[in-house]
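Undergrad: My questions all concern the structure below.
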Amino acid sequence: MADHEQLIEKLSRSAAPVKRPLKPGWRTLSWIAVALPCGIAAGLLLSRTLTDWSQPGAGWALAQLLLTFIAGMLAVRNAFLMSIAGRAPLGWPWFVPLAAVWLVSIVSNLHRAVALHASVEGPNCYLFMVTVSVPMVAIVIAYLRRTRTLFPVRSLATAGSGVACMALTLLSLCHPTHISMMDLLMHIAAFSTIVLATIALGYKWVAIPPMRSR
């Protein structure tokens, strides 16, 4: 079209007001309020017994629950921050202390599980984490699609990590306070599956489409 003024006027008439998204902190809280109940509902499809917090080592298990919840919340917030140009996400110094304390608690529980000959929950843990993550992955992709992102892989990997942490948090509510090495390996496998699935399923929905030359 040679008359660009006419094109601008036409586009101006057809433009609709854009609703401003919530700030990353509020988006994160909103996502948690929606996603966690959906994850819990998905978990009810599986047969699990609630954690017996009177067992030895319950303190370490509670610490793991709190740490994974905090890490998941921060990771999802980082994913939302990455979708906003010019906003810097939280760096590794925020996550290293959480990971260090979590690792100490895991090692402590592993030693106690060996001493007590604890049962192995591994395959059931994997199934539970993947199942409860399904609605949470769908919801976080929908949230990221609201703003799109210039870094879809990074944003989705971070969001997937947040979802995996929340799935691990829910697992802590229906898991023995002790874990075996097989349990730990299945937790890591489920975590990796959730992250990769989030990237694969969300890429086309959250990536900013390339500009087409006319």
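The values are calculated or read from the model by the stated rules, or taken from the named source; none is laboratory data. Remember, it's a predicted structure, so these values are computed and weren't measured experimentally. A quick note on method: Cβ atoms are made from the backbone with ideal geometry, for glycine too, and the neighbour counts reach across all protein chains shown. Quick note on the areas: whole protein, heavy atoms, side chains included, nothing else; ligands and nucleic acids left out. Shrake-Rupley method; radii C 1.70, N 1.55, O 1.52, S 1.80 Å.
Undergrad: For residues in segment 179-207 being out of contact with any Pro (no Cβ under 8 Å at 6 or more places or on another chain) and not in a helix (DSSP H, G or I), which is surrounded by the most Cβ atoms within 10 Å (Cβ to Cβ)?
TA: Of everything passing the filter in segment 179-207, Ile179 is surrounded by the most Cβ atoms within 10 Å (Cβ to Cβ).
Undergrad: Those residues that are open to solvent by 60 Å² or more (accessible area, probe 1.4 Å) and in contact (Cβ under 8 Å) with a residue 60 or more places away in the chain, I need them from segment 27-47; list them, please.
TA: So the first thing to find is which residues in segment 27-47 are open to solvent by 60 Å² or more (accessible area, probe 1.4 Å), and the list is 29, 33-34, 37, 40, 44-45, 47.
Scanning segment 27-47 gives Val34, Ile40, Leu45.
Undergrad: Still on this model: Given the criteria modelled with pLDDT of 90 or more, closer than 24 Å to Arg48 by Cα and either in a helix (DSSP H, G or I) or not aliphatic (A, V, I, L, M) (or both), does Gly162 qualify?
TA: Values: modelled with pLDDT of 90 or more: yes; closer than 24 Å to Arg48 by Cα: yes; either in a helix (DSSP H, G or I) or not aliphatic (A, V, I, L, M) (or both): yes.
So Gly162 passes the test.
Okay, residues lined up against (1) modelled with pLDDT under 85; (2) within 19 Å of Ala164 (Cα to Cα); (3) among the hydrophobic types (A, V, I, L, M, F, W, C); (4) in contact with a Cys (Cβ under 9 Å, 6 or more places away or on another chain):
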position	(1), (2), (3), (4)
Trp31	no, yes, yes, no
Ala41	no, yes, yes, no
Leu44	no, yes, yes, no
Asp52	yes, no, no, no
Ala63	no, yes, yes, no
Val76	no, yes, yes, yes
Ala85	yes, no, yes, no
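Undergrad: If Thr147 satisfies every condition in (1) open to solvent by 20 Å² or more (accessible area, probe 1.4 Å); (2) farther than 20 Å from Val34 by Cα; (3) more than 12 Å from the chain's Cα centre (by Cα); (4) hydroxyl-bearing (Ser, Thr, Tyr) but one, which is the exception?
TA: Here Thr147 clears every test but (2).
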